[in-house]
């Protein structure tokens, strides 16, 4: 990640700025550092959630495949019993 700094001017709701300022005070940061930390953490959490959803989809897919395999195996065993 590039550490080159660029100026960013944004408009935010006053109550959100207040929350950022309170966070900055608790963490002993200036407003800019608080914003950098909060945005970085938020983006990281977004990335983590994306990976979690992908993993969950894969688990559900594997679970469905296992059910199908089990059902096929049961049907195969029932068929063998009926043949005897």
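The values are calculated or read from the model by the stated rules, or taken from the named source; none is laboratory data. Small disclaimer: the values here were computed from a predicted structure and weren't measured. When we count neighbours, we look across all protein chains shown, and the Cβ atoms used for this are built from the backbone with ideal geometry, even at glycine.
One residue is enough: does segment 7-20 have a residue meeting the conditions surrounded by 10 or more Cβ atoms within 10 Å (Cβ to Cβ), touching a helix residue (DSSP H, G or I) at 6+ places or on another chain (Cβ under 7 Å), in a helix (DSSP H, G or I) and without any contact (Cβ under 8 Å) to a residue 40 or more places away in the chain? Yes, segment 7-20 has at least one match.
Every test in (1) surrounded by 10 or more Cβ atoms within 10 Å (Cβ to Cβ); (2) over 10 Å from the mean Cα position of the chain (by Cα) is passed by residue 26 save one, and that test is (1).
Report yes if residue 26 is farther than 29 Å from residue 6 by Cα and part of a helix (DSSP H, G or I), otherwise no. Criteria not met by residue 26.
Residue 76 meets the conditions (1) modelled with pLDDT of 95 or more; (2) in a helix (DSSP H, G or I) in every case but one. The failed one is (1).
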